[in-house]
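The values are calculated or read from the model by the stated rules, or taken from the named source; none is laboratory data. All values derive from a computational prediction rather than experimental measurement. Using ideal geometry, Cβ is built from the backbone for each residue, glycine included, and neighbour counts are taken over all protein chains shown. In case anyone asks, the SASA skips ligands and DNA or RNA and just uses the protein heavy atoms, side chains included. Shrake-Rupley method; radii C 1.70, N 1.55, O 1.52, S 1.80 Å.
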Amino acid sequence: IDGEGLYELHLHFDPQRMDAALKLHEPANGPLENILSLPGLGALEATLNLNGPRSQEQLDVTLQAGALKGKAQGRFNLNDLSADANFAFDSAAMSPRPDLSWEHAAVRGRWIGSIRSLNAAGHLEVAGLKVPGQLQTSGVTADLSADHGKADLHALIQGLRIPGSQPKLLEADPVKIDASILIDDPKRPVQLSASHRLFSLK
């Protein structure tokens, strides 16, 4: 539609295996940016390859969207819902939309084992984050881990500005968040604590 773009998708599924190949090239201000309501995302390049028997699928993904770059690789056993996969994404300063921006962002992690016995770890870092609702922070770091049926989250939010008449109320001191959930327990019990110089929540 009066623009350069390439979209290729090949799929072949049968009872023994799943094969898929995606190749996507779209310049800035393309259709997907508008569908996702992210007009400032930038030029988009992505490839995805999934090949192999259902018990040992090989996945390779690469993505570049403006200043965001990343990849994911791994092996998946779709029969018992297990995997050995890792991912890493990094981004320089971006503003995909007027009310969403960051100065730097990075996320990486790994998943090993089945959903029923998950062993996973992930790390997130974001600087200069602004999100819809007039929320912004100077920095966010978070670590997520899962092992032997328990998942834990530890996060630190620096320089938090909130909407309302007192936007700088929490800005001077960090907000610390710790949470855990027992994945194997049918009731999924959750423990959550958040602390700041002005409050403590449990």
Quiz item: Looking at the square roots a ≥ b ≥ c of the eigenvalues of the Cα gyration tensor of segment 67-120, which shape do they give, rounded for a/c under 1.5, prolate if a/b is larger than b/c, or oblate?
Solution: prolate
Quiz item: How big is segment 1-69 on each of its three principal axes, counting only the C-alpha atoms and giving the largest first in Å?
Solution: 41, 25, 18
Practice problem: Would you mind giving the three semi-axes, in whole Å and largest first, of the ellipsoid equivalent to segment 47-97 according to its Cα gyration tensor? | Solution: 28, 10, 8
Quiz prompt | Bins of 10 Å from zero: percent of alpha-carbon pairs in the chain | solution = 8, 24, 29, 27, 10, 2, 0
Quiz item: Extent of segment 3-115 along each principal axis, from alpha carbon coordinates, in Å, largest to smallest?
Solution: 45, 31, 16
Quiz item: Once the dipole of segment 23-133 is set up with Lys and Arg at +1 and Asp and Glu at -1 on Cβ about the Cα centre, which of Val131, Ala28, Gly70 lies farthest towards its positive end?
Solution: Gly70
Quiz item: Full extension from Phe199 to Leu182: what is 0.36 nm times the residue separation minus their Cα-Cα distance, to one decimal in nm?
Solution: 3.5 nm
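Taking all protein chains as present, what is the carbon and sulfur share of the accessible area of the chain, in % to the nearest whole number, probe 1.4 Å? Kindly include the intermediate steps, with their values, before the conclusion.
On the way: 7460 of 12640 Å².
Carbon-and-sulfur percentage of accessible area, whole number: 59.
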Self-check item: Principal axis dimensions, largest first and in whole angstrom, of segment 73-172 by Cα
Solution: 53, 26, 17
Quiz prompt | Packing rank of 62-68, 152-158, where each peptide gets the mean count of other beta carbons within 10 Å, highest leading | solution = 62-68, 152-158
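Excluding ligands, DNA and RNA, what is the solvent-accessible area per residue of segment 88-147 at a probe of 1.4 Å, expressed in Å²? Walk me through the intermediate numbers first.
Details: 3320 Å² over 60 residues.
Averaged over the residues of segment 88-147, the accessible area is 55 Å².
By average Cβ neighbour count within 10 Å, what is the ranking of 136-142, 9-15, 178-184 from highest down? Walk me through the intermediate numbers first.
Working: 136-142: 18.1, 9-15: 9.1, 178-184: 14.9.
Answer by packing, highest mean first, reads 136-142, 178-184, 9-15.
Quickly estimate the mean residue ellipticity at 222 nm for the chain, helices only: each DSSP H run with n ≥ 4 gives -39500 (n - 2.57), and the total goes over all residues, rounded to 500. Kindly include the intermediate steps, with their values, before the conclusion.
On the way: 1 runs with 5 residues, N = 202.
Result for the chain, helices only: -500 deg cm²/dmol.
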Quiz prompt | Number of Lys pairs (Cα under 29 Å; 8 or more positions apart or on different chains) in the chain | solution = 17
Exercise. Equivalent ellipsoid semi-axes for segment 162-202, as square roots of 5 times the alpha carbon gyration tensor eigenvalues: give them largest first, rounded to whole Å.
Key: 30, 11, 7
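Placing unit charges on C-beta atoms (Lys and Arg positive, Asp and Glu negative, everything else neutral), compute the dipole magnitude of the chain about its Cα centre in debye, rounded to 20. Spell out each step's value before the answer.
Details: 19 positive and 24 negative charges, 148 e Å.
Taking the Cα centre of the chain as origin, the dipole is about 720 debye.
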Self-check item: Accessible area expressed per residue, segment 1-84, with surrounding protein chains retained (probe 1.4 Å, Å²)
Solution: 63 Å²
